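Comments concern the structure below.
The values are calculated or read from the model by the stated rules, or taken from the named source; none is laboratory data. If you're wondering where the values come from, they're calculated on a predicted model, not measured in any experiment. As a convention, Cβ positions derive from the backbone with ideal geometry for all residues, glycine included, and neighbour counts pool all protein chains shown.
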Amino acid sequence: MDAVAEQAVGIAEKPVVVMKRYELKYILSADQTEYLKKSLEGHMQPDRYGKTPIASLYYDTPDFRLIRTSVEKPEFKEKIRLRSYGLATETSPVYLELKRKAYGIVYKRRVQTTIPLVKRFFAGEGDICAAGQINSEITTFRDYYGNLVPSCLIIYDRTAYFESGGDLRLTIDEDPRYRTDHLRLTESMDGISLLDGGQTILEIKVQESMPLWLTKILSDGHIYKGSYSKYGEAYRQQLLKVTGNF
């Protein structure tokens, strides 16, 4: 057994993560971001990692079938991405995520792995994990779409907040940016800005309903729910550069 194969056995034995929840998205101005952070005091607190750089490498077909479908806002859509926290190395943990959205509910399957194992997986060489149903879902996704290749790298600086004893999770993403070249998690955290200066992306993630105290904070701050996809916006901006229209 070679070194990569041995590593595959070790990674495959690690637990996978399954998530089912609602995800609500908002675009905030700089003033609204500061207001929200102050208003959350006493209700939620940042997790122990603080502000963390995150990079997500999206895989798609060569003709961008996945993102083209997604921007049409169907009732069901899906995507697959490889995520790292900060710059990755060939041996550091990265996370392959299969994300589906059906009728407003988000379902995510997440597997810890490494870059060499992911390259083998997308080349059609074996499984991504040994976790039965999860491995089957991710492998079926790969085989259904066929040739999946790196298509876009999304990067941002995230602060995650949690509610003690509850399932509510809230994230604020600063300086969201993208690039469509140098599609490697090991290279840099540079990219083209997706939003105007100072704007951030708020995501609220709940399994049930939003608490009333948070609803009031959003209402008082004139913070209104929208629809936003970082990969979708990057695709739109890139298409505008190439064709002049979207």
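Points to keep in mind about this one:
- Top-ranked residue of segment 196-231 - restricted to ones that are out of contact with any strand residue (DSSP E or B) (no Cβ under 6 Å at 6 or more places or on another chain) and among the hydrophobic types (A, V, I, L, M, F, W, C), ranked as nearest to Glu174 (Cα to Cα): Leu218
Conditions (1) within 19 Å of Thr186 (Cα to Cα); (2) in a strand (DSSP E or B); (3) within 16 Å of the chain's Cα centre (by Cα), marked per residue:
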site	(1), (2), (3)
Pro74	no, no, no
Lys79	no, yes, yes
Thr91	yes, no, no
Leu96	yes, yes, yes
Arg110	no, yes, yes
Lys119	yes, no, no
Ile128	no, no, no
Phe141	no, no, no
Asn147	no, no, no
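- Within segment 70-105, considering residues that are within 21 Å of Tyr22 (Cα to Cα) and of a type in the set (Val, Ile, Thr), the one surrounded by the most Cβ atoms within 10 Å (Cβ to Cβ): Ile80
- Filter result for the condition that a residue is charged (D, E, K, R) and in contact with a Lys or Arg (Cβ under 9 Å, 6 or more places away or on another chain), over Asp127, Asp60: Asp60
- Residues in segment 106-129 that are surrounded by fewer than 18 Cβ atoms within 10 Å (Cβ to Cβ), of a type in the set (A, V, I, L, M) and in contact with a strand residue (DSSP E or B) (Cβ under 6 Å, 6 or more places away or on another chain): Val106 alone.
- Residues in segment 155-183 that are under 28 Å from Thr215 (Cβ atoms), at pLDDT 95 or above and not basic (Lys, Arg): 12 in all.
- Qualifying residues in segment 178-202 (those that are in a strand (DSSP E or B) and in contact with an Asp or Glu (Cβ under 6 Å, 6 or more places away or on another chain)) - the one surrounded by the fewest Cβ atoms within 10 Å (Cβ to Cβ): Ile201
- Qualifying position, being at pLDDT 95 or above and not hydrophobic (A, V, I, L, M, F, W, C), among Lys108, Lys79: Lys79
- Pairs meeting the criteria (first residue in segment 156-177 and free of Cβ contacts under 8 Å to residues at least 40 places away in the same chain and in a strand (DSSP E or B), second residue of a type in the set (Asp, Glu) and surrounded by fewer than 18 Cβ atoms within 10 Å (Cβ to Cβ), beta carbons under 6 Å, at least 6 apart or on different chains) are Thr171/Glu203; Asp175/Asp157.
- A search for C-beta distances below 6 Å between a residue of segment 204-227 that is closer than 15 Å to Asp167 by Cα and any residue that is part of a strand (DSSP E or B), counting only pairs 6+ apart in sequence or on different chains, returns Ile204/Leu24; Ile204/Leu170; Lys205/Arg21; Lys205/Glu23; Lys205/Arg169; Val206/Tyr22; Gln207/Arg21.
- When Leu153 is tested against (1) farther than 22 Å from Arg65 by Cα; (2) hydrophobic (A, V, I, L, M, F, W, C); (3) assigned to a strand (DSSP E or B), exactly one condition is not met: (1).
- For the residues Gly221, Gly226, the requirement of being farther than 30 Å from Leu117 by Cβ and surrounded by 13 or more Cβ atoms within 10 Å (Cβ to Cβ) singles out Gly221.
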